[in-house]
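Student: After the structure tokens below, expect a handful of questions from me.
The values are calculated or read from the model by the stated rules, or taken from the named source; none is laboratory data. What you are looking at is a predicted structure, and each value in this text was computed from that prediction instead of being measured. When we count neighbours, we look across all protein chains shown, and the Cβ atoms used for this are built from the backbone with ideal geometry, even at glycine.
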Amino acid sequence: MDIDLVTRAQRGDQEAFADLVYAVADRFLAVSHRILSDIDLAEDATQQALLSVWQTLPQLRDPARFEAWSYRLLVRACYAEGRKSRRWAPNLRLLSVDEPMVVDGTSAVVDRDQLERAFRRLSMNHRTVVVLHHYLDLPLDRVADIVGAPLGTVGSRLHYATRQLRTALIADAQPAAREVAQ
Amino acid sequence: MTDFNASDKDVNRAIRSWLREDRHEDASRVAGAVLDQVETIPQRRATWWPARRTPIMNKIVGFGLAAAAVVVVLIVGAQLFASPTGNVGGPGAEPTPTPEPSVAEPTPTPSDWTGLPQGPFVMTGSDDPVQVTVDIASSGWVALREFDAVSKDDDGLDPPETVGAALLAWAWPAGTGFNVYGDPCHWSTTIPETPATTPDEIAAALAAQASRDATAPVDVVVGGYAGKAITLHVPMSYEVPGAAREEEFADCDQSIFGSYGVEGDTEPSRNHQGPGQIDELWILDVDGAIVILDAMHGPAVPPDLVEEMRTLAESATFELP
């Protein structure tokens, strides 16, 4: 991020802030869409986060930390939107992760649908870590900085989320496999 | 075919591939909506200064401030319109005449912002129950009348980073009850049943607060008036590098770390600005009125400036109307 742009926006330069908005808005929306799995909620979260950026930008002490700081605001906005919506009731069917399962005859489309369903069953904490790490390619220490949790906690969340996804994928795939077996 | 039994690496690969599919998001509408609102939403300035509630402000003072605000708007507007770059009528337009303000100069005066002259300076407002005067002994101090404060080297940062320092001089009428919270972080649920009314009671309650440490109160005399001195700290454990104040105190009630409020108010009168903040308080009984001199600084403030601020506080003299 252009530090000069951030510094100017911190001083109330609306043109600089507009440039900042156009530089980050698409990415913000993409991240919030993946965390919330709902484009309307994601747009609301993105808008709220960008307004928070404007309002609190003067309080950012180090403009070089804009990216992590702004993502933190975005994650908070996502949490707020997620709380408004009650679509996230956990509905995980747990199976033993050691249970072998080969998804037979699956296509990319099937994988995508399975992932979509499995991802929706994750908690907001877990989805956030997965998106920041796997979508934004952020290392775990930066994810920890953004979500405000210790590094070990973030590592645990990612590990647990991966296990849950894997387990849920297996559970989703089982009926199809049984059908194939019959 | 996908074998999810193979390894987490396969799951990760599937997740990454799925997350990175194009979902046709277009944020231009959101960006437009945000930029439409920016003009009407003020930024929260980075500042040390707490929003102090002024329970003694009366309607006349309120109107006076409103009039002063109008004058400020007039003058700022006049400067904008008189500016060569403020010509909104296009190249051929005639310059707009500069309106002449017809009422008194607003405060603060420009000299307040370029530095106070050395010598006596009245920190409090005309509506305060006690007039507090300090002796400005060096250059660089500026007045912030809105907060009955003077500051030096204010860099707009909060503790622990700031290298600036400030002295507040706040006065309350006799009989004011102070709600010294049991816990500054959880102030809304730790309001004492019986408010403190004397320097001894206020200092003792501050010394006993949870979530922070404080020195033991000691007797002091400033300007001929007795009271208690105590030093308060905001723990560094609240530090979140790069975060805004509200984020650092996010676990506290309303994201505020507040030391005390005044009976009847619903928010703290004195809240703090960042981890590592140090507040050296002189709590004085001035013929029944309570005056609190609050020398605020942080760990990055040079010792010379801290010492200068102490000298400034101890130079205070008091006058009742």
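Student: Looking at region B:176-283, what strands (runs of 3 or more DSSP E) fall wholly within it and have at least 1 residues that are touching a strand residue (DSSP E or B) at 6+ places or on another chain (Cβ under 7 Å) and farther than 30 Å from A:GLN55 by Cα?
Tutor: Those strands (runs of 3 or more DSSP E) span B:178-180, B:218-222, B:225-233.
Student: Moving on. Does region A:45-60 include one or more residues that are touching a Pro at 6+ places or on another chain (Cβ under 8 Å), modelled with pLDDT of 75 or more and closer than 24 Å to B:PRO241 by Cβ?
Tutor: Restricting attention to region A:45-60, the residues satisfying the condition of being touching a Pro at 6+ places or on another chain (Cβ under 8 Å) are A:55.
Now drop any that are not modelled with pLDDT of 75 or more, which leaves A:55.
Of the ones still in play, those that are also closer than 24 Å to B:PRO241 by Cβ are A:55.
Yes, the conditions are met somewhere in region A:45-60.
Student: Quick check on my filter: what residues within region A:31-61 are touching a Lys or Arg at 6+ places or on another chain (Cβ under 7 Å), within 7 Å of chain B (Cβ to nearest Cβ) and not hydroxyl-bearing (Ser, Thr, Tyr)?
Tutor: Scanning region A:31-61 gives A:HIS33, A:GLN55, A:PRO58, A:GLN59.
Student: Does region A:1-19 hold any residues that are more than 10 Å from every other protein chain (Cβ to nearest Cβ) and either within 13 Å of B:ALA27 (Cβ to Cβ) or not in a helix (DSSP H, G or I) (or both), and which are they?
Tutor: The answer is A:MET1, A:ASP2, A:ASP13.
Student: State whether the residues of region B:236-244 include one that is touching a residue at least 12 places away in the same chain (Cβ under 8 Å) and of a type in the set (Val, Ile, Thr).
Tutor: No, because not a single residue in region B:236-244 is touching a residue at least 12 places away in the same chain (Cβ under 8 Å) and of a type in the set (Val, Ile, Thr).
Student: Hey, A:ARG83 hits all of (1) modelled with pLDDT under 70; (2) within 16 Å of the chain's Cα centre (by Cα); (3) of a type in the set (D, E, K, R) but one; which does it fall short on?
Tutor: The single condition A:ARG83 does not satisfy is (1).
Student: Give the residues of region B:285-310 that are exposed (fewer than 14 other Cβ atoms within 10 Å of the Cβ) and closer than 18 Å to B:GLY224 by Cβ, sorted by residue number.
Tutor: The one that is exposed (fewer than 14 other Cβ atoms within 10 Å of the Cβ) and closer than 18 Å to B:GLY224 by Cβ: B:ASP287.
Student: Which of the residues spanning region B:15-31 are farther than 24 Å from A:LEU20 by Cα and of a type in the set (S, T, N, Q)?
Tutor: Correct list: B:SER17 only.
Student: Just the residues that are over 30 Å from A:ARG11 (Cα atoms) and either within 21 Å of the chain's Cα centre (by Cα) or among the β-branched types (Val, Ile, Thr) (or both), please, taken from region B:132-155.
Tutor: Scanning region B:132-155 gives B:VAL132, B:THR133, B:VAL134, B:ILE136.
Student: For region A:90-182, give me every one of the helices (runs of 4 or more DSSP H) that falls completely inside it and has 1 or more residues that are modelled with pLDDT under 70.
Tutor: A:108-121, A:151-181
Student: Which ones in region B:245-277 are aliphatic (A, V, I, L, M) and in contact (Cβ under 8 Å) with a residue 60 or more places away in the chain? Before you say what the answer is, go through the steps one by one.
Tutor: First, pick out the residues of region B:245-277 that are aliphatic (A, V, I, L, M): B:250, B:256, B:262.
Answer for region B:245-277, where residues must be aliphatic (A, V, I, L, M) and in contact (Cβ under 8 Å) with a residue 60 or more places away in the chain: B:ILE256, B:VAL262.
Student: Please go through region B:168-199 and give me each residue that is of a type in the set (Asp, Glu) and buried (at least 16 other Cβ atoms within 10 Å of the Cβ), ordered by number. Lay out the reasoning, then the answer.
Tutor: First, the residues of region B:168-199 that are of a type in the set (Asp, Glu): B:183, B:193.
Result: B:ASP183, single match.
Student: Taking the condition free of Cβ contacts under 8 Å to residues at least 24 places away in the same chain, assigned to a helix (DSSP H, G or I) and either among the β-branched types (Val, Ile, Thr) or farther than 29 Å from B:LEU157 by Cβ (or both), does A:ARG65 pass?
Tutor: Values: free of Cβ contacts under 8 Å to residues at least 24 places away in the same chain: yes; assigned to a helix (DSSP H, G or I): yes; either among the β-branched types (Val, Ile, Thr) or farther than 29 Å from B:LEU157 by Cβ (or both): no.
For A:ARG65, the condition - free of Cβ contacts under 8 Å to residues at least 24 places away in the same chain, assigned to a helix (DSSP H, G or I) and either among the β-branched types (Val, Ile, Thr) or farther than 29 Å from B:LEU157 by Cβ (or both) - is not met.
Student: So A:TRP54 fits all but one of (1) assigned to a helix (DSSP H, G or I); (2) under 27 Å from A:HIS134 (Cα atoms); what number is the exception?
Tutor: (2)
Student: Still on this structure: Condition test on A:GLN59, is it surrounded by fewer than 17 Cβ atoms within 10 Å (Cβ to Cβ) and either within 14 Å of the chain's Cα centre (by Cα) or of a type in the set (S, T, N, Q) (or both)?
Tutor: So A:GLN59 fails the test.
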